[in-house]
Amino acid sequence: MSTSPAHTLTSPALTLDEVVDTERYPLTDPAGARVRRVVADARRDLAAEGCTVLTDFVRPELHEALREQCADLAPRAHYDVETVNVYNIDVDPDLPADHPGRVPFRRGNAFVARDLIPAEALISVLYRDEAFRRFVAECFGLPRLHPLADPLSGLVLNVVRPGMEHPWHFDTNEYTVSMLTQQPDAGGEFEYCPGIRTAESENFDDVRDVITGGGRRLVRRLPLRPGDLQLFKGRYSLHRVSPVAGERDRHSAIFAYSERPGVVGSPARTRQLFGRVLPEHHAGHAVRTDELLD
């Protein structure tokens, strides 16, 4: 491979084969024996643990370029500290006193929106590639996946500064794909509770136990490294990033997909995450596959 690790956001966009270790993960040969083994292993992990990690998915010689690109994007993040709950919705005064939606969290993470991430960024190359999306769908055991129609939240960079955390929450989209791009000095661990709720059941009791400090039996911790690809079902798995310590931010790219086309975030949630909304968020064409709180 001739590409220098010093690829910047002013360089031409790389191809999928240049970004991904396609010897190990042959995405462009979906019927091949090697990729079928990778898919089978991913499906097994997702069924058993609710999550799978494909190590060194991005070529190791590009890890520093990946980190530098996303660090350059991080100042574009909308940053705000606010009090939220696990569902990121307003608290209904009719909720019972012991409802998990009444437990407050201090959210201090930030997001760089999709429309602020250049097309030549390595994470953009992955997100818009059809072979990558087909591979992800195969790993989830789905016939196909659609990028979110949301112009802000389909592809984002999450920034968690020292002293901050991304508290317990559920994702708006059913299937979440992410990649750590910069590790903090300490903390910033990914913790999750696989399948703690379903499309038919909120399972408030277990959710409350976890977010109030009990229910640790339900929590898994997942070590992540820059360049690894993480797949999990964030709509139904309660998860968080623990408080970051030291001097260095934690950065991660989040690639959001849905089984159905046309999914956008609600105006309230969008403004909460990005500080702004666009006409698409008021168009009333958001699609949900469930009736969960959010």
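Hey, what does the equivalent ellipsoid look like for the range 163-294, semi-axes from the Cα gyration tensor as sqrt of 5 times each eigenvalue, largest first, whole Å?
On the way: eigenvalues 123, 80, 39 Å².
Over the Cα atoms of the range 163-294, the semi-axes work out to 25, 20, 14 Å.
Expressed as a whole number of Å, what is the distance separating the alpha-carbon centroids of the range 199-217 and the range 219-241?
17 Å
Got the relative contact order for the range 150-251 handy, in percent, Cα pairs under 8 Å and 6 or more residues apart? Don't skip to the answer; put the middle values down first.
On the way: 202 pairs, mean separation 55.0, N = 102.
Relative contact order, the range 150-251: 54 percent.
Using Cα-Cα distances under 8 Å and only pairs 6 or more residues apart, what relative contact order does the range 3-130 have, in percent?
Numbers: 122 pairs, mean separation 42.7, N = 128.
Worked out over the range 3-130, it gives 33 percent.
Restricting everything to alpha-carbon atoms, can you work out Rg to Rh for the range 151-195 with a Kirkwood hydrodynamic radius? Please list the in-between numbers first.
Numbers: Rg = 11.9 Å, Rh = 12.7 Å.
Using only Cα positions, Rg/Rh for the range 151-195 is 0.94.
Positive end of the charge dipole of the chain (Lys, Arg +1 and Asp, Glu -1 on Cβ, about the Cα centre): tell me which of Trp168, Gly227, Tyr79 has its Cα farthest that way.
Gly227
With the contact rule set at Cα under 8 Å and sequence spacing of 6 or more, what percent relative contact order holds for the chain? Each step should come with its number before you reach the end.
Numbers: 618 pairs, mean separation 71.9, N = 294.
Here the relative contact order equals 24 percent.
In Å², and per residue, what accessible area does the range 134-257 have when probed at 1.4 Å with the other protein chains present? Don't skip to the answer; put the middle values down first.
Numbers: 4240 Å² over 124 residues.
Result: 34 Å² of accessible area for each residue.
Using +1 on the beta carbon of Lys and Arg, -1 on that of Asp and Glu, and nothing else charged, what's the dipole of the chain about the Cα centre, debye to 20? Before the final figure, lay out each step's value.
Working: 35 positive and 44 negative charges, 46 e Å.
The calculation lands at about 220 debye.
Taking the 0 to 90 degree range and rounding to the nearest ten, how far is the long axis of helix 33-49 tilted relative to the main principal axis of the chain, both from C-alpha atoms?
Approximately 20 degrees, to the nearest 10.
Computing the accessible area with a 1.4 Å probe over protein heavy atoms, can you report the carbon and sulfur percentage for the range 121-175? Mind dumping the intermediate values first?
On the way: 690 of 1550 Å².
Carbon and sulfur: 44 percent of the exposed surface of the range 121-175.
³J(HN,Hα) across the range 125-138 via Karplus (A = 6.51, B = -1.76, C = 1.60, θ = phi - 60°), whole Hz, x for Gly/Pro?
For the range 125-138, the Karplus curve yields 4, 5, 4, 8, 7, 5, 5, 5, 5, 5, 4, 4, 4, 4 Hz.
Any idea what the dipole of the range 68-122 comes to, in debye rounded to 20, about its Cα centre with Lys/Arg Cβ at +1 and Asp/Glu Cβ at -1? Intermediate values should be presented prior to the final figure.
On the way: 5 positive and 10 negative charges, 25 e Å.
Here the range 68-122 has a charge dipole of around 120 debye.
If you plug each phi of the range 248-257 into the Karplus form 6.51 cos²θ - 1.76 cosθ + 1.60 with θ = phi - 60°, what whole-Hz ³J(HN,Hα) values come out, in order, with x for Gly and Pro?
Whole-Hz 3J(HN,Hα) from phi for the range 248-257: 10, 5, 9, 10, 8, 8, 10, 9, 9, 9.
The values are calculated or read from the model by the stated rules, or taken from the named source; none is laboratory data. None of the values given here were measured: they were computed from a predicted structure. Please note: Cβ atoms are built from the backbone with ideal geometry, for glycine as well, and neighbour counts cover all protein chains shown. Protein only, heavy atoms only, side chains kept; ligands, DNA and RNA dropped before computing areas. Shrake-Rupley method; radii C 1.70, N 1.55, O 1.52, S 1.80 Å.
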